[in-house]
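Down below is the structure, laid out as structure tokens.
Nothing in this text is a laboratory measurement; each read-out follows from the coordinates by a stated rule. All figures in this text were calculated on a predicted structure; none of them were measured in a lab. Neighbour counts run over all protein chains shown; Cβ positions are idealised from the backbone, glycine included.
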There are 2 protein chains.
Amino acid sequence: MKSARQRKDRVVLDTSLFVNPDVRNDFGDSPTEAINGFLQIAEQIPSLEFYMPSSIFQELLNFVNEKEIPGALLAVLHQKSPSKHELTCPAFFLYELIEDIRERVNKGLRIAEKAVRTAGKSDEREVIQAMRKNYREALREGIIDSKEDVDLILLAKELDALLVTVDHGAIKWAEKLGIRWLLPSKFKEYLLSFIQND
Amino acid sequence: MKSARQRKDRVVLDTSLFVNPDVRNDFGDSPTEAINGFLQIAEQIPSLEFYMPSSIFQELLNFVNEKEIPGALLAVLHQKSPSKHELTCPAFFLYELIEDIRERVNKGLRIAEKAVRTAGKSDEREVIQAMRKNYREALREGIIDSKEDVDLILLAKELDALLVTVDHGAIKWAEKLGIRWLLPSKFKEYLLSFIQND
């Protein structure tokens with residue numbers, strides 16, 4: 001039996017690390033360069049295992065040319081879906097999610113009503129554009145709203161891993177479920193600390 | 001140890017049984033009469049245990065005068081919240097819920113856009129009323145959208161009980177979770193079958 005010290009720590013990555021310009025610059029100027037920059041560091045850290053949900057990896061492929069992804073990445077960054085047919089989530093999670101959605105749905109309706117009242121007085125296209133923006137903000141921001149988000153959270157929970165993401169919804173629910181998380185802006189420093197200490 | 005035959009079967013009731021005019025008429029012409037009608041039958045069936053989530057019971061109190069509720073009801077119809085801090089739900093439930101909500105949120109936005117486009121051409125009040133109706137249908141019907149709904153589903157699951165409700169959202173999720181359910185319109189006949197056979 002390995003001691004806790006010897007067990008490899010696990011890290012679950014979101015695409016933002018390689019795609020979001022605000023955070024990927026630590027690793028490279030383009031998504032492909034960022035992947036290579038991450039690889040060069042990650043290969044030097046045998047004590048960490050890196051994972052990405054398969055659905056999130058598919059998203060990443062929309063931003064890079066598949067041929068440009070080095071084969072070594074697939075040896076360092078494991079693709080794995082959460083075991084969704086075995087995993088469970090606490091029931092209180094369901095309550096908080098339903099209550100959150102209920103409030104947002106009501107807010108969405110108020111935004112729509114306001115837009116209808118403005119419609120006669122302003123340019124229709126502008127009204128619709130502003131409404132779309134407000135509606136999406138009200139109903140999507142800070143909430144897990146896609147199966148990719150659920151994959152991220154559940155995989156981190158299943159692996160007892162550190163979650164690296166900028167998604168506010170994922171971070172909020174990670175906190176509710178006791179999942180450790182890190183903002184990608186600190187991730188390069190975090191990785192380098194392993195190399196200096198090893 | 002009691003045999004399976006001896007174990008009392010459990011039934012979880014929604015308020016609709018006493019409140020919804022379409023279904024309560026089997027038991028009585030007003031909510032209070034329906035409660036009394038149910039009680040008279042239920043008291044004759046020792047092999048069934050009746051439960052209602054506390055939150056749903058609170059809803060029921062909005063429709064009846066608390067003083068008119070016979071004390072015997074509280075001995076026959078047990079109030080109990082699900083054990084929400086111990087219960088878990090399967091992770092696939094979360095995926096289906098999030099996907100369902102995502103589609104509904106998009107549909108809600110399309111309804112709002114259509115209303116804005118109609119706003120200049122019709123009476124503003126009528127446009128808003130029609131939009132509210134369509135929006136609520138799109139975002140609320142056939143989905144569990146309140147903590148009372150979650151209480152119903154989880155209590156039925158926890159007690160391995162028969163769920164009696166007309167709520168489409170609750171029925172849909174009961175089916176996903178393998179919970180038995182019955183429409184209130186058949187509930188009186190169901191109860192009477194126990195009296196004839198006992």
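Things to note:
- Annotation for residue B:86, label-to-label distances across the other copies: 2.5 nm (shortest first, one decimal, point 7 Å from Cα along Cα→Cβ).
- Couplings 3J(HN,Hα) for segment B:40-46, derived from phi with the Karplus relation 6.51 cos²θ - 1.76 cosθ + 1.60 (θ = phi - 60°), are 4, 6, 4, 4, 8, 10, x Hz, where x marks Gly and Pro.
- Test item: Cα-centred dipole of segment A:91-140, Lys/Arg +1 and Asp/Glu -1 on Cβ, debye: 200 debye
- Nonlocal amide H pairs with residue A:144, under 5 Å, H built at 1.01 Å: none
- The protein assembly as shown gives an Rg/Rh value of 1.08, both radii derived from C-alpha positions and Rh following Kirkwood.
- Each of the GluC sites (Glu not before Pro) that DSSP puts in a loop and that has at most 16 other Cβ atoms within 10 Å breaks chain B; the longest unbroken stretch is B:142-198.
- Placing unit charges on each Cβ (+1 for Lys and Arg, -1 for Asp and Glu) gives segment A:62-198 a dipole about its Cα centre, and among A:159, A:134, A:91 the Cα reaching farthest toward its positive end belongs to A:134.
- 20 Å Cα-Cα threshold exceeded, pairs from A:107/B:114; A:176/B:84; B:147/B:186; A:147/B:176; B:84/B:157: B:147/B:186
- Segment B:55-121 and segment A:182-196 have Cα centres separated by 43 Å.
- Extreme residue, positive dipole direction of segment B:1-114, given options B:17, B:47, B:65 (C-beta unit charges): B:47
- Label spacing, shortest first and in nm, from residue A:44 to its equivalents in the remaining copies (7 angstrom along Cα→Cβ): 8.4
- Rounded, prolate or oblate (a/c below 1.5 giving rounded, otherwise prolate when a/b exceeds b/c) for segment A:85-198 by Cα gyration tensor: oblate
- When A:54, A:83 are arranged by Cβ crowding within 10 Å, least crowded first, meaning fewest neighbours, the order is A:83, A:54.
- Inter-label distance, nm, simple model (7 Å from Cα along the C-beta direction), residue B:29/residue B:114: 4.2 nm
- Point-to-point label distance, residue B:74-residue A:130, nm (Cα→Cβ direction, 7 Å offset): 5.4 nm
- A crude spin-label estimate for the pair residue B:193 and residue B:62, with each label 7 Å from Cα along the Cβ direction, gives 3.3 nm.
- Working note: 222 nm ellipticity from helices only, DSSP H runs with n ≥ 4, each -39,500 (n - 2.57), summed and divided by the residues of the protein assembly as shown, gives -17500 deg cm²/dmol to the nearest 500.
- Magnitude of the charge dipole, chain A, Cβ model with Lys/Arg +1 and Asp/Glu -1, debye to 20: 520 debye
- Compactness of segment A:91-140, taken as the C-alpha radius of gyration over 2.2 N^0.38 Å, stands at 1.41.
- For chain A, the alpha carbon positions stretch 67, 41, 28 Å along the principal axes, listed from largest to smallest.
- Nonlocal amide H pairs with residue B:162, under 5 Å, H built at 1.01 Å: B:10, B:11, B:12
- Cβ-based net charge around residue B:169, under 13 Å, with every Lys or Arg adding one and every Asp or Glu removing one: -4
- Mean separation of Cα contacts under 8 Å (6+ apart) over length of chain B, as relative contact order %: 27 percent
- Applying both filters, DSSP loop and at most 12 other Cβ atoms within 10 Å, to the trypsin sites (Lys or Arg not before Pro) of segment B:1-101 gives B:2, B:5, B:7, B:8.
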